[in-house]
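What follows is a short report on a single structure.
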Amino acid sequence: MKITPLIAEAIIKAAKKTSSTCIELDLRCYDPPVVISPLLRCLGYNEYQVRKFWRYFEEGGEIRVEVYRYLKARFDIISIYRKEATSHIKRSCVPLDAIDCHRIGSDCIKTPHSHALYLYIDGKIGNAGIRINVIRLLSLLYAMNRRVADSLLDSILDIIWGRASVHELYEKVLKALSLGDEILGVALPLKPDDKNKLLKLSPILRKIHK
């Protein structure tokens, strides 16, 4: 099952709203969903679009994008869909994890047995593995440079809808990677610092390039 541009757009917009709100409200955002139904509605999607969004994942649709590969190191963006109790901020519809829900008290609204979509960076280097919530990573990027974070996510949206050249995306990715030198130098066996290295190390960008 192939993900549609509308579903991809909703996920990017939700990720942008959630990760930027993490910084604005000083939330920790260790492991929140990227999408819940209240957030889709707050982003302007109607009930038909909300139902269509969740139907894709209920029927077995998923996201698995190989973003980095070098020798025995591989990092994918993966989705995990669950029906569970969810929490969100009362006035902004942004999803919360259990830690932030506890921290903000009465401003946390809980909904039993609802839809929740999580995104993770799933990494494997040899026999070692790591899984990090994408919202956590994006919130760290927003903390370092909001303009770069917004520009990267907007560029991905433009690529989804065919509004921009893929070369603009390369520039935004390299700029975002340059902000995380200390972290990425430890996590990645080889960090790309130009377009050619980026294309060699990123299967998804090579695919887009073609």
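Laboratory data are not the source of any read-out in this text; all were calculated from the coordinates shown. For clarity, every value in this text was computed on a predicted model and none was experimentally measured. Note that each Cβ is placed from the backbone with ideal geometry, even for glycine, and that neighbours are counted across all protein chains shown.
General remarks:
- Distance-filtered residues of the stretch 190-210 - backbone nitrogen under 16 Å, label point 7 angstrom along Leu174 Cα→Cβ: 191-202, 205-206, 209
- Per-residue HN-Hα couplings for the stretch 86-92 [Karplus 6.51, -1.76, 1.60; θ = phi - 60°; Hz; x = Gly/Pro]: 10, 9, 8, 6, 3, 9, 10
- Neighbour-count order for Thr86, Thr18, fewest beta carbons within 10 angstrom listed first: Thr86, Thr18
- Links that overshoot a 26 Å alpha carbon limit, given the list Lys72/Lys197; Lys110/Lys172; Lys72/Lys200; Lys52/Lys195; Lys83/Lys172: Lys110/Lys172; Lys52/Lys195; Lys83/Lys172
- Unit charges at the beta carbon, dipole of the chain: most positive-side option, Gly61, His88, Ile12: Gly61
- Taken along the Cα-to-beta-carbon direction at a fixed 7 Å, the label points for Lys195 and Ala98 span 4.7 nm.
- As a length-normalised measure over Cα pairs under 8 Å and 6 or more apart, the relative contact order of the chain settles at 23 percent.
- Phi-derived couplings, Karplus 6.51 cos²θ - 1.76 cosθ + 1.60 at θ = phi - 60°, listed residue by residue for the stretch 115-124: 7, 8, 10, 10, 10, 9, 8, 9, x, 9 Hz, with x used for Gly and Pro.
- Set against the labelled values (i) 17.2, 55; (ii) 17.0, 50; (iii) 28.4, 113, Rg and Dmax of the Cα atoms in Å computed from this structure falls on (ii).
- Ala116 long-range amide H proximity, modeled H, under 5 Å: Arg82, Glu84
- For Arg51, the shell of other residues with beta-carbons less than 13 Å away shows a net charge of 0, using +1 for Lys and Arg and -1 for Asp and Glu.
- Remark: spin-label model distance Ile130-Ile109 equals 3.6 nm, labels positioned 7 Å along the Cα→Cβ axis.
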